[in-house]
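Have a look at the structure below, then the notes.
The values are calculated or read from the model by the stated rules, or taken from the named source; none is laboratory data. In this text the structure is predicted, and so the values were computed from the model without any measurement. Virtual Cβ from ideal backbone geometry, glycine too; neighbours counted across all protein chains shown.
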Amino acid sequence: MTPFFDSLETRPPEQREATLMAALPAQVAHAQKAASAYATILAGVDAAGSNSRTALARLPVTRKHELLDMQKAGRARDAFGGFSTLLRGPDMPRVFSSPGPIYEPEGNTRDYWRAGRAMYAAGFRAGDLAHNAFSYHMTPGAFIMESGLHAVGCTVFPAGVGQTEQQLQAIAELRPDGYTGTPSFLRILVDKAIETGSDISSMRKGLVGGEAFPPSLRDWFTEHGLAVYQSYATADLGLIAYETESRQGLVIDEGVIVEIVRPGTGDPVPEGEVGELVVTTLNPGYPLIRFGTGDLSAVLPGHCPTGRTNTRIKGWMGRADQTTKIRGMFVHPSQVADIAKRFPEVLKVRLVVTGEMASDSMMLKVETHSGGEGLETRISEAIRDVTKLRGDVEILAPGSLPNDGKVIEDARSYK
């Protein structure tokens, strides 16, 4: 039995990149023509010329809060704000609601969310019974997992969340092979099974998502006989990346183009630097172009030891939206980026807010090879111009700032 979901996972990286870049112009043109939101967002963009990473990086990033704003503004005409190209009926079997609310369509294609690849990497195979403990209420999480399980030939028990005792009874009697759901609820099930003596020994594997999955918890599951892997998916994009048995980062899915950009901007960062995950999906029904997830991650060097050749990321490393209120004014990462762009000699910046609420101060730490005469003063003036607040400047040598994706660090005391 092959260890791979399909041959796409092991194709040469240059072949994958050529295929993705060849598909990108058609997706941009389709979005401009069929999705009214992108007719506005991508107005004037030459779709045919959007055939490289460089060209892609010139397109605007649409972040989740902007999608929500456009949905709200256009809700009387279109609940999806002009982002979906699907029509209600057979082409759209379900609609979901995420907090906001943001409404997401589901298309009728097999494995619409592309989760089958993650299921296969986690060890699920045809004939397995899966205990799916994601919520079947309004949000698409359960359906993302279920469609992926069906794609590999599994039968699904739609357990949902809560009712721990009944779930343990179902596990003991149905004898499922694996679990899908959040890691926290799986921990609750295992703990309760130990407490009550329930037999859950049939479950030997799992795929989790929706929450952070620290190595300590992964190891705890291993000690209790469960090989659990993590997936990274969103209601907007479907599967973005998935873990393999190598346990070395998450491999990017074959149906998306992933960039890591400096928070508050659309500028790609060098490989290894932490930044915001920006994703372009090739899904024609919901053609999100440079969609800012708001999540931080970084690219890992090399390829997965399992033989999968796609790029790997470190996984979820925090949130990119670090907007902070300082002396009654909101300061956004995009404003910090705007300050930095005014000075070509500046390599990297980090705004650090200290003090106590209502009596705080901010310091812009600046990495540069050479400070140059009057640089601190000129940057201080730019801070005042952009944020309408006074801030100090500290010049640092290259490499002094942490590689954690933070553009604004709130180090104030809240006691």
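Structure values in brief
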{"quantity": "Members of the range 195-227 found to be under 22 Å from G160 (Cβ atoms), free of Cβ contacts under 8 Å to residues at least 60 places away in the same chain and outside any loop (DSSP other than H, G, I, E, B), listed by number", "calculated": "E195, T196, V208, L217, F221"}
{"quantity": "Those strands (runs of 3 or more DSSP E) lying entirely in the range 329-415 with at least 3 residues among the β-branched types (V, I, T) and closer than 21 Å to L296 by Cβ", "calculated": "346-356"}
{"quantity": "D191 loosely packed, with under 15 Cβ neighbours inside 10 Å, touching a residue at least 12 places away in the same chain (Cβ under 8 Å) and either assigned to a loop (DSSP other than H, G, I, E, B) or assigned by TED's automatic domain parsing to the domain that holds R63 (or both)", "calculated": "no"}
{"quantity": "Of residues in the range 1-17 being part of a helix (DSSP H, G or I) and acidic (D, E), the one farthest from the chain's Cα centre (by Cα)", "calculated": "E14"}
{"quantity": "Condition check for T265: in contact (Cβ under 8 Å) with a residue 12 or more places away in the chain, part of a loop (DSSP other than H, G, I, E, B) and in contact with a His (Cβ under 7 Å, 6 or more places away or on another chain)", "calculated": "no"}
{"quantity": "Residue within the range 338-347 that is among the hydrophobic types (A, V, I, L, M, F, W, C), surrounded by 14 or more Cβ atoms within 10 Å (Cβ to Cβ) and closer than 15 Å to K406 by Cα present", "calculated": "yes"}
{"quantity": "Residue list for the range 54-87, restricted to those being in contact with a Leu (Cβ under 9 Å, 6 or more places away or on another chain) and closer than 20 Å to A34 by Cβ", "calculated": "L56, L59, P60, T62, L67, F80, G81, F83"}
{"quantity": "T182 vs. criteria among the hydroxyl-bearing types (S, T, Y), out of contact with any Leu (no Cβ under 7 Å at 6 or more places or on another chain) and without any contact (Cβ under 8 Å) to a residue 40 or more places away in the chain", "calculated": "no"}
{"quantity": "Residue within the range 18-36 that is of a type in the set (V, I, T), assigned to a helix (DSSP H, G or I) and in contact (Cβ under 8 Å) with a residue 24 or more places away in the chain present", "calculated": "yes"}
{"quantity": "Residue tally, condition over 25 Å from H332 (Cβ atoms) and either over 25 Å from the mean Cα position of the chain (by Cα) or crowded, with 16+ Cβ neighbours inside 10 Å (or both), over the range 44-74", "calculated": "8"}
{"quantity": "Among the candidates R114, R125, residue that is modelled with pLDDT of 95 or more, under 28 Å from V251 (Cα atoms), in contact with an Asp or Glu (Cβ under 7 Å, 6 or more places away or on another chain) and assigned to a loop (DSSP other than H, G, I, E, B)", "calculated": "R114"}
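Quick grid of which residues meet (1) surrounded by fewer than 18 Cβ atoms within 10 Å (Cβ to Cβ); (2) out of contact with any strand residue (DSSP E or B) (no Cβ under 8 Å at 6 or more places or on another chain); (3) under 26 Å from D236 (Cα atoms):
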site: E273; (1), (2), (3): yes, no, yes
site: Y286; (1), (2), (3): no, no, yes
site: G294; (1), (2), (3): yes, no, yes
site: P301; (1), (2), (3): yes, yes, no
site: R312; (1), (2), (3): no, no, yes
site: I326; (1), (2), (3): no, no, no
site: M329; (1), (2), (3): yes, yes, no
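Conditions tested, residue by residue: (1) outside any helix (DSSP H, G or I); (2) under 28 Å from the mean Cα position of the chain (by Cα); (3) not small (G, A, S).
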residue: R110; (1), (2), (3): yes, yes, yes
residue: M119; (1), (2), (3): no, yes, yes
residue: I144; (1), (2), (3): no, yes, yes
residue: V156; (1), (2), (3): yes, yes, yes
residue: A172; (1), (2), (3): no, no, no
